[in-house]
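To start, the structure under review is shown below, and the notes come after it.
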């Protein structure tokens, strides 16, 4: 059985050739072990995998739910949607120095999230290849049971309501003039 990898650069108009090239090089050495689906945006078309420049959101979500591994850029939506699926994404932040984004905000976000264990960050080709090697060896390392956000909020609201229900009224706090 092949490991199914989804790679997406998001919808930003800046090309992200580093991510596409780094993954393409790794996949080229693992063709018999992986299936790659790539959304490459305005980057150079990769040599390997089933590639599309852009995917309609419903198609992207189907691909995400079929994937064992998701490799994405450092924008929040790709990270959030991958985590909602129950996968820790492998994330390469875009860099201003390479014309991939207007500033380096993704670097700070990704380092914070990586420090919490919410993503696997790769800031170099060697780091990305190490993450992909690790995922290939143990795909379950990226999987977790996602939290039902709606239920979590409803539970928090109920706990808060119960906590304040028995508080005495605060009379006289505001005086009328």
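Only the coordinates and a few stated rules stand behind these numbers; no lab work does. All values derive from a computational prediction rather than experimental measurement. Cβ atoms come from the backbone with ideal geometry, glycine included; neighbour counts cover every protein chain shown.
Of the listed peptides 158-169, 95-106, 20-31, what is their order by residue-averaged count of other C-beta atoms within 10 Å, with the highest listed first?
20-31, 95-106, 158-169
Mean residue ellipticity at 222 nm from the helices of the chain, using -39,500 (n - 2.57) per DSSP H segment of n ≥ 4 over the full residue count, to the nearest 500 deg cm²/dmol?
It comes out at -12500 deg cm²/dmol, rounded to the nearest 500.
For the pair residue 11 and residue 108, what calculated FRET efficiency results from E = 1/(1 + (r/R0)^6), where r is the Cβ-Cβ distance and R0 = 22 Å, to the nearest 0.05?
FRET efficiency, residue 108 to residue 11: 0.60.
Would you mind computing, in nm to one decimal, how far apart the modelled labels at residue 96 and residue 84 are, each placed 7 Å from Cα along Cα→Cβ?
My value for the distance between the label points is 3.0 nm.
Among 65, 13, 129, what is the fewest-to-most ranking by other Cβ atoms within 10 Å?
Starting with the residue having the fewest Cβ neighbours, the order is 13, 65, 129.
Can you put 145, 63 in order of Cβ neighbours within 10 angstrom, beginning with the fewest? Kindly include the intermediate steps, with their values, before the conclusion.
Values: 145 6, 63 20.
Ranking 145, 63 by Cβ neighbours within 10 Å, fewest first, gives 145, 63.
Please compute the alpha carbon radius of gyration of the chain, then divide it by the globular-protein estimate 2.2 N^0.38 Å. Two decimals is fine. List each step's numbers first, then the result.
On the way: Rg = 20.9 Å, N = 177, 2.2 N^0.38 = 15.7 Å.
Taking N as the residue count of the chain, the ratio is 1.33.
Restricting attention to the alpha-carbon atoms of region 18-64, what are Rg (one decimal) and Dmax (integer), both in Å?
Rg then Dmax for region 18-64, in Å: 10.8, 31.
For helix 57-66, what angle does its Cα long axis make with the longest principal axis of the chain, in degrees from 0 to 90 and rounded to 10?
For 57-66 against the chain, the angle is about 80 degrees.
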